[in-house]
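Shown next, in structure tokens, is the structure this report addresses.
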Amino acid sequence: MGGSFTAISLTTMVILIILAHLALGMVLTENEVTRVEGALYPHESETREVRNLDGIWNFVKSDEGNPTQGVREQWYKDDLSKVKTVIPMPVPASYNDITTDPEIRDHVGTVWYDRTFFVPNSWRDNQRVWLRFGSVHYEAFVWINGETAVKHEIGHLPFEADITKFLKFGEQNRITVLCDNALIQTTIPQGKISEAQRDKGIAIIQSYTFDFFNYAGIHRSVHLFTTPKTYIEDVKITTDLKESTGFIFYEVTSNGDIPLEELRVRIQIKDKRGNLVGKQTTKASELKGVLNIENVKPWWPYLMDPEPGYLYTTEVYLEGANGKLIDVYRVKTGIRTLTWTESSFLINGKPVYFRGFGRHEDSDIRGKGLDYALLTRDFNLLKWIGSNVYRTSHYPYSEESMQFADEQGIMIIDECPSVDTENFNQALLDKHKSSLQQLVNRDKNHACVVMWSIANEPRTNQYNADTYFGSVANYTRDLDKTRPITAAIAVPSKDDKAGRHLDIISFNRYNGWYSNTGRLDMITDHLVEEAIGWHKKYNRPVLMSEYGADTVEGLHILPSYVWSEEFQENLFAKHFKAFDTLRKTGWFIGEFVWNFADFKTAQTITRVGGNKKGVFTRSRQPKSVAHLLRKRYFAIGKEVDSCRTPEDLFQYIATSFNDVCIKAENTAISN
């Protein structure tokens, strides 16, 4: 389990892990973290071809009590159908909800996928062939034609390998994937494995403290793509603004047989209409530089500008010293600046007030599998409701969603998969850092990413939390100094030991729900007092990263009562009043609803069909609170960003009533 192929009982393995933790003690060191470089999203160009391997794959579930059987018996050496009865499984998708078999839905341990694919003879000469996975949860082992190709740990993040030497050109090839969903105390996120007696034999139990279903499988697209033998491995872009001039700083990394001193880079910048607005060629062996863009159009968030999400295209041409074209890669580039102080967060020099959501990649049947229709619907709903931001709670979302956010002008607080982090130890710290290095490497060029979140609800009141999160925060800051660092903290401010290492304080609190359940009269003042406490302790900008209440769609109770749609509306209104009080301080910079849409959780007696805190249902239809929230978000947008409000924001009722609504809105804005 968890990548070990030794035949060992799960109970023994857990005991050994616990003993190892005790041996490590609480001494944490700054170990060197193995860095992932490159992994650029596969785009076609003059020098690259891309083929998608999504579709129906063959699937086999391992015996929970014998998870390493397939490795010992070398199932990857031939078609899975020759060793087990296979079932069809869509890729990308979580495998849990596809079948009608509860043993697949609740399976703990390893599963197997395979399929065949054809490689044309034209790919044989003078190029490399790569295999790339957008995400496999949690750990993956990949074989090509029976040969080990790549191993990767930590779900929700991409990995790739040069598989040229394993391929048969002009023939069918076989890809085999082993996926292990087991979470233990040194994985990101953490979990625990135990054994329990069931009616017949022993059951393997996966437990975890986070409140979402541990979906597993090949969650995102699988691509084959080609590059030249010497190729562009990575492109790093940062931007700046000064009056009407934009600056694009670029740094290109190459790999291959041609020496660096014989290479140069030619850069072209094109605007949204394809017009050339800047170009530059570096000297030999210099693969970095800066380009000036006159009369620049900055990247602005949604509702902060009539044309949000403006993107240029940075065209990168890798050339030999003689000018011969070697490789081409293109990167969408939003030109903007981020700055933050002890009391504000600014984009392009303008203060930002965040109004958004925590979310999940979650939907019926497909689980966390990438779905373009769902992705498009979600962004339409975000814009309909007037949101300008969301947090990728509690793991990195798909690269396709990041591209969508760039284009739509939706800001992102980009969160690594560390959830409910506790029992701090060296192995966990190393993997935590690795998850952030992979995340920053993947998303560094996205204009939409405005913060890095290093954890959700970590146990920052525990001993050694200060040292642990200081190490994580400083490591992240070394990776990228252009964005602030935050974490969604749930412990009271007086007990927290990590906030001093953050640039922005984010806190989660469920007044009226988990605290003082049902008491609408115990929300507003408590919230104001807590936010002030956070700011006084750390002298940082503060935002509320989670608040909300579970709500069953269609349940109406008057006077309002917990779980009803009326109660959710009333609870939100009490929070709104607190937020408006806090906004006057200047240092309170945002409000994030939990959650955007209902989502699935593990089976418990406190969750009826999952977590129901969504403003939208799991099928992406609005609850009544969505209309209330829409009025608020657009009212704030009109106040702070001078945006236009939708014509249907207020439905006509009567002349006198609508006049009162308009006057009330204008009065609230002026105050």
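The values are calculated or read from the model by the stated rules, or taken from the named source; none is laboratory data. For clarity, every value in this text was computed on a predicted model and none was experimentally measured. Note: ideal-geometry Cβ built from the backbone for every residue, glycine included; neighbour counts use all protein chains shown. Calculation scope for accessible area: heavy atoms of the full protein, side chains included, ligands and nucleic acids excluded. Shrake-Rupley method; radii C 1.70, N 1.55, O 1.52, S 1.80 Å.
Numbers at a glance
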| quantity | calculated |
| --- | --- |
| Three-way shape call for segment 310-397 based on the alpha-carbon gyration tensor, with the a/c threshold at 1.5 | oblate |
| Calculated from backbone phi, Karplus (6.51, -1.76, 1.60) coupling profile of segment 223-230 in Hz, x at Gly/Pro | 10, 9, 8, 10, 9, x, 4, 9 |
| Mean Kyte hydropathy of -1.0 or more with a Cα span along the axis of at least 18 Å, helices from DSSP in the chain | 10-24, 372-385, 426-443, 465-479, 524-538, 565-583, 624-641, 655-670 |
| Three-way shape call for segment 26-182 based on the alpha-carbon gyration tensor, with the a/c threshold at 1.5 | oblate |
| Taking the chain and dividing mean pair separation by its residue count, relative contact order in percent (alpha carbons under 8 Å, at least six apart) | 12 |
| Distance in nm between pseudo-label sites at ARG124 and LYS279 (7 Å out along the Cβ direction from Cα) | 3.8 |
| Normalised contact order of segment 223-318, rounded percent, pairs of Cα under 8 Å and 6 or more residues apart | 28 |
| Protection proxy ranking, peptides 390-399, 291-300, average beta carbon neighbours within 10 Å, highest first | 390-399, 291-300 |
| Mean Cβ count within 10 Å, highest first, over the residues of peptides 72-81, 117-126 | 72-81, 117-126 |
| Cα pair distances in segment 329-461, grouped into 5 Å bins until the bin that holds the longest one, percent each | 2, 9, 17, 21, 20, 16, 9, 5, 1, 0 |
| Cα centre as origin, Lys/Arg/Asp/Glu Cβ charges: the chain dipole, Debye | 620 |
| Span from the segment 79-148 Cα centroid across to the segment 427-487 one, whole angstrom | 31 |
| Protection-proxy order for peptides 156-164, 129-137, each taking the mean of Cβ atoms within 10 Å per residue, highest first | 129-137, 156-164 |
| For segment 550-618: rounded, prolate or oblate by the Cα gyration tensor [a/c cutoff 1.5] | oblate |
| Ellipsoid semi-axes in whole angstrom, largest first, where each is sqrt(5λ) of the Cα gyration tensor of segment 89-237 | 34, 18, 12 |
| Where PHE572, PHE169 fall by accessible area, highest first, once all protein chains stay in place (1.4 Å) | PHE169, PHE572 |
| For the chain, alpha-carbon Rg over 2.2 N^0.38 Å | 0.99 |
| Area of ARG477 that stays accessible when all protein chains are in place (1.4 Å probe, Å², to 10) | 60 |
| Accessible surface of segment 551-608, 1.4 Å probe, proportion on carbon and sulfur as whole % | 59 |
| Accessible solvent surface per residue of the chain, calculated while the other protein chains remain in place, 1.4 angstrom probe, Å² | 40 |
| Amide H contacts under 5 Å for GLU195, placed H, 5+ residues apart | ILE205 |
| Residue-averaged [θ]222 nm for the chain, counting only DSSP H segments that reach four residues, each worth -39500 (n - 2.57) | -7000 deg cm²/dmol |
| Probe 1.4 Å - accessible area at ASP478, Å² to nearest ten | 110 |
| Amide H within-cut-off set for ASP327, under 5 Å, with H built and near neighbours excluded | LEU318 |
